[in-house]
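Trainee: Below you'll find the structure I mean.
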Amino acid sequence: MSSRPRPRGSAIGSATSRRRHAGGVTLAAGVIAAIVALPLLALLAAWRTPAVEIWTHLWRTQLPGVVGGTVALLLGVGLGSIVLGTALAWLVAAYRFPGSAIFEWALVLPLALPAYVMGFVLLGVFEFSGPLQSFVRRTAGWRLPDIRGWFGVTLTMTLVFYPYVYVLARTAFQEQAAGLLDAARSLGRSGPRAFLAIAIPLARPAIVAGGALAMMEALADLGTVSLFGHRTLTETVYRTWAGMFDRIAATQLASLLLLGAFALLTLERATRGQRGFLNRPRGERRLAPLTLRGARAVAATSACLGVLAVAFVLPVVQLLIWAWRRGLDATHAETFTRLLAGTAWLAGAAAVVITCVGVALAYARRLDRSRLTHFTTEFAAMGYAVPGAVIAVGVLGPLTYLDRTVAAMLGAIGGPVDILLTGSVVGILFAYLVRFLAVALQGVDAALVRIPRSMDEAARSLGVAGRRLLGRVHLPLLRGGIAATLLLLWVETMKELPATLLLRPIGLKTLAIEIWERTSESMWEEAALPALALVLVGLVPLLIVTRLTRGSAT
Amino acid sequence: MRGYRWLTALVIAGVACAALVSPLVAADEVVVYSARHYGQEPAFEAFTKQTGIAVRVLTGDAGPLLERLKAEGDRSPADVLLTVDAGNLWNAARAGVLSPVTSTTLASNVPAHLRDPENKWFGLTMRARTIMYNPKKVTPAELSTYEALGDPKWKGRLCLRSSGYIYNQSLVATFIKRHGEPRTEDIVKGWVANQPTIISGDTKILEAIAAGQCDVGLTNSYYLARLLAKDPNFPVALFWANQPATGTHVNVSGAGVTTHARNRASAIRFLEYLSSVEAQQMFANTSMEFPVNPKAETHPIVRGWGAFRQDDINVASAGEFQAAATRLSDRVGYK
Amino acid sequence: MTPQLVIAHAGRAFGDGGYPAVDDLSLTVARGEIVALVGPSGCGKTTTLRLVAGFERPDAGEIHIAGTLVADAARAFVPPERRHVGVVFQDFALFPHLTVGANVGFGLPAGAQRMPRVRQMLDLVGLADVADRYPHQLSGGQQQRVAVARALAPAPALLLFDEPFSNLDADLREQVRAVVQTALRATATTALFVTHDQEEALELGDRVGVMTRGRIEQIGAPDEVYHQPTSRFVAEFLGAAAFLPGVVTASGIATELGPIVPRVPHIAIGTEVDVLVRPDDVMITPARDAGAVLVDRIFRGSEVRYTVQLPSGLMLPCSQPSATTVPVGTRVRVAIDLHHVVAFPRSGATLRP
């Protein structure tokens, strides 16, 4: 039949030393992770000079209350976003009702709103002097309770962060082997009982992952909690820094945030570990939704509409009203386009950088499953729970050191001595990297996990390994996940405020900064237009991401 | 390892490019790090038009901006630090980032209690923090001092900013300088005992008073001025606190020349211009604050409130006692 | 001729002091030979495969492929991508983003030779016309055949199969097995199969190795292993087995059903033994006065499997052509017709091979 085929180019490779390959990957991952972790390590380094006085004061007066407030916030936001996100995800995944096709992607929209924008809108509408309460007072004479405090901030954050849980849970529900739920239905457990007994436990890793993301955002937030007057650890960090002029104590406090982040990340990973059984072969039947009719259909549609109305339509409409009242003129248009361009460009560059590093680290984790690599990459991702300004300050240190060294070297060879890394885009990109690496790691990891090891091994048995394996097998299969991560990061970095504020080059302004400049002078109406622009610009990548994640199950 | 070589190369190339893109300081300009983000553009533009010196501004929050300045050290491109609240100015001076400026123009334009005794910074606009009230529910006769707001008759009728708000901290700090800590503690305890509604914005406090959520509050003067500019019938009135006694508490936004300024001469010219009547008028008209230069005029709305006696304690004490003020507030449970 | 694969005393354990998955295992495979390793789950067969492929490193022993040392317990290790060993996986592991043709050509260097070789391989597995389709458009059987073609394309020194047919429907299995066997013979490829299906192993392998607890219990030609098992375990694992107790005498083995001749030469007279009895060794004749009775009957298409209960209570399986069936409850006379006498001492020792 066939003549003996020509043997391959080289003979069977000669034996090589044991450690070489695993070592290279671990080293590279370790170096990258260490660089990213530098600002976080700076937080820990602050403990070198214990600020006993401040700590005693804090302990006696505030710390218990503040820690309690933080825990209350985390629990509230975590539970709220999990309940809301999971319920909506289930509605949309398991049932068909009027508008469900639209709601499927529309329910992600609130993610385009920065939490502080949602905060000042809700506050403006629902506070004592706002239109709603004034109306109620005028007509019914009731005095409604104040929206400020724990309730207001939890509500705001739940409405803005539930999409994290929603997206992950929805994907999990849709991809679960339909067979399991059909079996449950045939055994008489349908509807809510099937949901509770089967769907939720199977989707638990995704739900917890989403909840952990929401909680980490809540932990690091400053703008929204200040708006509602709710004391948290992050807010105390700022108070100590700005009020008591003590950066050391503030940094030490901030390192406590790392503890919180660590706990959250561990929780998330621990539940993730059981996800192995979710790796079902591709092409299996997806969940077939049941059609709802009558009262149930109405209820479902109303629920989704209600959430969207408060979490998206209301803020956008309010912003539109404010912007319209303020009016638009020609000079605005010109600076505006510059703002938009600057914001989009900076966020885009950040997204690319962070995704690359995320891919590198997630890949290293796949190749080298040692505990060390796992731990270092985890640590590097903890910046997500640390407030942006703290990270920014942590970045300043190494950056200025690098600056001086580079300048010294350049000066020695007669080059320009003026180059300033600190005032350049590098500093701010680095801060973004530290802050948002977790998003990239999670995104790429989730996509990588869906490539079974047997595919790696098949490729290796065919002589393709290392870089060629990455290029010919992994990257093509990761395209969807990487694209989704890029877009998500784009939205996140566009919304970022404190680190941008501190580290940006002179002359570079983003939409978020513009909003901040206005709202910090209580000029809500002036802030409306940039806020709207931010939301709209953030919608585009969000919608693309939703389309991507929807189709990627097959 | 091979796979990462191109990644490292990319990063190095990126750093090199980005660094080159970073601002190289040119001559004939003033680089300002400003924690003010409203109302100064007209004055800056006028300066450039008059002198031909460009003004490049980096806005930010007071604290982080100071950190950046400190970190940049002698390589910082900043010539001027413009910030709000005397406490922040005091802190900047203490951190060593500001250098003393001897200028007779500045000395004559800026009253002594509104500038640093060591001439490291100069107030450029003044704001008063005083009592605002609902004229339908409160008569001026019932009001007198900040301290009197602790009277039980104001229980449930008081609106305040949170204790972490910088201008509140400065207010309490000046109390400590004037009255000492024990007395100040009593004052603040009095406020707390009246269960004040803590609201997160001065404008929002004024709106709350107008809506009837509370009857009195403490805010900065210019917020009311801006509201009145939009709606002359806005139902909140201003009362100058502590008139017969120590005088109303005032604070400043101000600036100083940085220690490592490269355009020192231009920077001093810049400050002198900002303290001139022309610039002061611009500040007064745009942001409705009080000019520090006694020869400049205030905005008509502000003038409508009448003359008032200022507390002439040097505003630097706001900074000196700020940490103590914060601790005190924490102790008495003032949120 | 140097053997294509030599495993010498390989060992691999997982965890600290955990049980050894592979324990002092030795195996030699000649060029062009097909060897099937079969055993229950956990016996170490997959680990053995992965050691040969290079996805695991041995803690002890050595592995040589085509005369080259590829792994040992010290430093030597050739990574999988350089071993020229093809692997066919249970889940096919086809690249979903590449066409069938691109999949098959994946391990081939780019150039003029690639397309003809791909076509040749696809012809070999009978899938010449699907080169432009994507894996998810093919059935399970077709996907597995593509996987085989892909693994064969680079003319590997050795082809490893990891439970390749367990994801296929039963009837498909036979077809695909046949195709694979033909392809292997046609290319004279040396192959090592790992499976838990003993029927498959007996059908495919030139030699069959039965594994348990990390070692090869017995290895030999299929009929040798089936008819002359050297241990109870092998006897029970391959095919149905029952044991008839007896005692070794000078002339044979005395059992309940009469003497069995010839006796097994290397067991001492007087030893109590269990004689291996397969269903096809048992003859039944209905007889009203007989002592044995049929207690169960299972219809299996071409044959009927009866369970006969002897007067002593011992149950024996018996298979008969299904043209005539005998109802349950019938009394029958039982006779044993053994071509190979395999007896194990009751004390449990394994026979010397």
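All of the numbers you see were taken from the coordinates with simple rules; none came from a lab. From a predicted model like this one, the values you see are computed outputs, not experimental measurements. Cβ coordinates were reconstructed from backbone atoms using ideal geometry, including for glycine residues, and neighbour counts include every protein chain displayed.
Trainee: Net charge near A:A300, counting Lys/Arg +1 and Asp/Glu -1 over other residues with Cβ under 15 Å of its Cβ? Mind showing how you got there, number by number?
Mentor: Working: positive: A:R96, A:R170, A:R293, A:R296; negative: A:E104.
Every neighbour counted, the sum reads +3.
Trainee: Can you give the calculated 222 nm mean residue ellipticity of chain B, where each DSSP H run of n ≥ 4 adds -39,500 (n - 2.57) and the sum is split over every residue, rounded to the nearest 500 deg cm²/dmol?
Mentor: Helices in chain B give a 222 nm mean residue ellipticity of -13000 deg cm²/dmol.
Trainee: Taking the Cα atoms of chain A, what is the range of coordinates along each of the three principal axes, in descending order and whole Å?
Mentor: Cα spread of chain A along its principal axes, largest to smallest: 95, 77, 55 Å.
Trainee: Give me the net charge for the shell around A:L88: Cβ to Cβ below 14 angstrom, other residues only, Lys and Arg +1, Asp and Glu -1.
Mentor: Numbers: positive: A:R170; negative: A:E104.
Counting the neighbours of A:L88, the net charge comes to 0.
Trainee: Relative to the compact-globule scaling 2.2 N^0.38 Å, provide the ratio for the alpha-carbon radius of gyration of region C:240-345.
Mentor: Numbers: Rg = 14.3 Å, N = 106, 2.2 N^0.38 = 12.9 Å.
Its radius of gyration relative to the 2.2 N^0.38 Å reference: 1.10.
Trainee: Moving on to the next point. Taking region C:186-289, which trypsin sites (Lys or Arg not before Pro) meet the DSSP loop condition and have no more than 13 other C-beta atoms within 10 Å?
Mentor: Working: sites: C:R207, C:R213, C:R215, C:R232, C:R263, C:R288; in loops: C:R213, C:R263, C:R288.
Passing both the DSSP loop test and the Cβ count: C:R288.
Trainee: For B:K204, go through the lysines and keep the ones whose alpha-carbon is under 25 Å away, minus same-chain ones fewer than eight residues off.
Mentor: Excluding near neighbours in sequence, the set is A:K495, B:K136, B:K137, B:K153, B:K155, B:K189, B:K230, B:K335.
Trainee: Apply the Debye scattering formula to region A:393-534, with a single equal point scatterer on each alpha-carbon and no solvent, then give log10 I(q)/I(0) at q = 0.10, 0.18 Å⁻¹.
Mentor: The Debye formula, applied to the Cα set alone, gives -0.58, -1.01.
Trainee: Pop the C-beta distance of C:H340 and C:S312 into the FRET formula with R0 = 30 Å and round what comes out to the nearest 0.05. It would help to have the intermediate numbers written out before the result.
Mentor: On the way: r = 24 Å, r/R0 = 0.79.
Efficiency, rounded to the nearest 0.05: 0.80.
Trainee: Taking every pair of alpha-carbon atoms in region B:42-144, give the share separated by more than 19 Å as a whole percent. Before the final figure, lay out the partial values.
Mentor: Values: 3090 of 5253 pairs.
Everything past 19 Å amounts to 59 percent.
Trainee: In region A:108-150, whose amide N lies under 20 Å from the spot 7 Å out along Cα-to-Cβ of A:A309? List them in ranges.
Mentor: Counting only backbone N, you get A:108-111, A:118-119, A:121-127, A:130-137, A:139-140.
Trainee: How big is the convex hull of the Cα atoms of region C:5-234, per residue, in Å³?
Mentor: Working: hull volume 29.4 nm³, N = 230.
Roughly 128 Å³ of hull volume per residue.
Trainee: Given R₀ = 41 Å, FRET efficiency for B:R178-B:V277 by Cβ-Cβ distance, to 0.05?
Mentor: Using R0 = 41 Å, I get an efficiency of 0.85.
Trainee: Which value, in Å³ per residue, describes the convex hull spanned by the Cα atoms of region A:22-117? Before the final figure, lay out the partial values.
Mentor: Numbers: hull volume 21.1 nm³, N = 96.
Considering the Cα atoms of region A:22-117, their hull volume per residue is 220 Å³.
Trainee: Let me ask something else. Would you kindly calculate the mean projected area, averaged across all directions, of the convex hull enclosing the Cα atoms of region C:261-311, in square nanometres? Write down the numbers at each step before the final one.
Mentor: On the way: hull surface 21.9 nm².
The number I arrive at for region C:261-311 is 5.5 nm².
Trainee: Hey, rough spin-label estimate for A:R60 and C:T2, points 7 angstrom out along Cα→Cβ, what's it come to in nanometres?
Mentor: Output for this residue pair reads 8.3 nm.
Trainee: Based on alpha-carbon positions alone, could you give the equivalent ellipsoid semi-axes of region B:251-307 from the gyration tensor, as √(5λ), descending, whole Å?
Mentor: Numbers: eigenvalues 147, 22, 13 Å².
Three semi-axes, in Å: 27, 10, 8.
Trainee: With n ≥ 4 as the cut-off for DSSP H runs, can you work out [θ] at 222 nm for chain A, using -39500 (n - 2.57) per run divided by the number of residues, rounded to the nearest 500? List each step's numbers first, then the result.
Mentor: Working: 24 runs with 393 residues, N = 554.
Rounded to the nearest 500, the figure is -23500 deg cm²/dmol.
Trainee: Can you show me the helix-derived [θ] at 222 nm for chain C, built from DSSP H runs with n ≥ 4 at -39,500 (n - 2.57) apiece and divided by the number of residues, rounded to the nearest 500.
Mentor: Working: 8 runs with 75 residues, N = 353.
Only helices count here, giving -6000 deg cm²/dmol.
Trainee: Additional query: How far is helix B:181-193 tilted, in degrees, relative to the longest principal axis of the Cα atoms in chain B, given as a value from 0 to 90 rounded to the nearest 10?
Mentor: The angle comes out at about 70 degrees.
Trainee: What length, rounded to one decimal in nm, is gained on full extension from A:I321 through to A:S302, with 0.36 nm per residue of separation minus their alpha-carbon distance?
Mentor: Working: separation 19, 0.36 × 19 = 6.84 nm, distance 2.49 nm.
Separation in residues times 0.36 nm, less the Cα-Cα distance, equals 4.4 nm.
Trainee: Right, next: Using amide H atoms built 1.01 Å from N in the peptide plane, name the residues 5+ places from A:F128, or on other chains, whose amide H lies under 5 Å from its own.
Mentor: A:I147
Trainee: Taking the Cβ-Cβ separation of B:N233 and A:L543 as r and a Förster radius of 35 Å, what is the calculated FRET efficiency to the nearest 0.05? Mind showing how you got there, number by number?
Mentor: Working: r = 45 Å, r/R0 = 1.29.
After rounding, the FRET efficiency stands at 0.20.
Trainee: When the convex hull of the C-alpha atoms of chain B is computed, what volume per residue in Å³ does it have? Could you put the intermediate results ahead of the total?
Mentor: Values: hull volume 56.9 nm³, N = 335.
In chain B, the Cα hull volume divided by residue count equals 170 Å³.
Trainee: Take C:D223, project a point 7 Å from its Cα along the Cβ direction, then tell me which residues of region C:306-348 have their backbone nitrogen under 12 Å from it.
Mentor: In region C:306-348, the label zone of C:D223 (backbone N under 12 Å from the point 7 Å along Cα→Cβ) covers C:340.
Trainee: Further question: For the protein assembly as shown, what mean projected area does the convex hull of the alpha carbons give, in nm²?
Mentor: Numbers: hull surface 247.9 nm².
For the protein assembly as shown, averaging the hull's shadow over all directions gives 62.0 nm².
Trainee: While we're on this one: Any chance you could get the radius of gyration and Dmax over the Cα atoms of region B:142-214, in Å?
Mentor: Using the Cα atoms of region B:142-214, the pair Rg, Dmax is 12.3, 36 Å.
Trainee: Provide the per-residue ³J(HN,Hα) series for region A:315-320, in order, calculated from phi with Karplus coefficients 6.51, -1.76, 1.60 and θ = phi - 60°, each as a whole number of Hz, with x at glycine and proline positions.
Mentor: x, 5, 5, 4, 4, 4
Trainee: Please give the length that would be gained between B:D74 and B:K295 if that part of the chain were fully extended, namely 0.36 nm times their separation in residues minus their C-alpha to C-alpha distance (nm, one decimal).
Mentor: Working: separation 221, 0.36 × 221 = 79.56 nm, distance 3.71 nm.
Extra length from B:D74 to B:K295 when fully extended: 75.9 nm.
Trainee: Right, something else. Points 7 angstrom from Cα along the Cβ direction at A:A72 and C:A290: gap in nanometres?
Mentor: In this crude spin-label approximation the distance works out to 8.7 nm.
Trainee: With a sphere of radius 12 Å drawn around the Cβ of B:I187, what net charge do the other residues whose Cβ falls strictly inside it have (Lys, Arg +1; Asp, Glu -1)? Please list the in-between numbers first.
Mentor: Numbers: positive: B:R178, B:R183, B:K189; negative: B:E147, B:D151, B:E181, B:E185, B:D186.
Counting the neighbours of B:I187, the net charge comes to -2.
Trainee: Then there is this: For chain A, what is the relative contact order in percent, using Cα pairs closer than 8 Å and at least 6 residues apart in sequence?
Mentor: 22
Trainee: Could you tell me which GluC sites (Glu not before Pro) in region B:265-335 are loop residues by DSSP with no more than 15 other beta carbons within 10 angstrom of their beta carbon? Could the numbers behind the result be given before it?
Mentor: Details: sites: B:E272, B:E278, B:E289, B:E297, B:E320; in loops: B:E289, B:E297.
Answer in residue order: B:E297.
Trainee: Right, something else. For helix C:140-152, report the angle its Cα long axis makes with the longest principal axis of the Cα atoms of chain C; keep it between 0 and 90° and round to the nearest 10°.
Mentor: Compared with the principal axis, the helix lies near 60 degrees.
Trainee: Hey, another quick one. How far is helix C:170-187 tilted, in degrees, relative to the longest principal axis of the Cα atoms in chain C, given as a value from 0 to 90 rounded to the nearest 10?
Mentor: So the inclination is approximately 60 degrees.
Trainee: Under a point spin-label approximation (7 Å from Cα along Cα-to-Cβ), what is the C:S139-A:W47 distance to one decimal in nm?
Mentor: A separation of 6.4 nm, rounded to one decimal place.
Trainee: Name the residues whose placed amide hydrogens come within less than 5 Å of the amide hydrogen of C:M211, ignoring near sequence neighbours (fewer than 5 apart) on the same chain.
Mentor: The answer is C:V38, C:G39, C:E217.
Trainee: So what does the Cα-only Debye profile of region B:140-292 read at q = 0.10, 0.13, 0.15, 0.18 Å⁻¹, as log10 I(q)/I(0), no solvent term?
Mentor: The Cα Debye sum returns log10 ratios of -0.46, -0.72, -0.90, -1.15.
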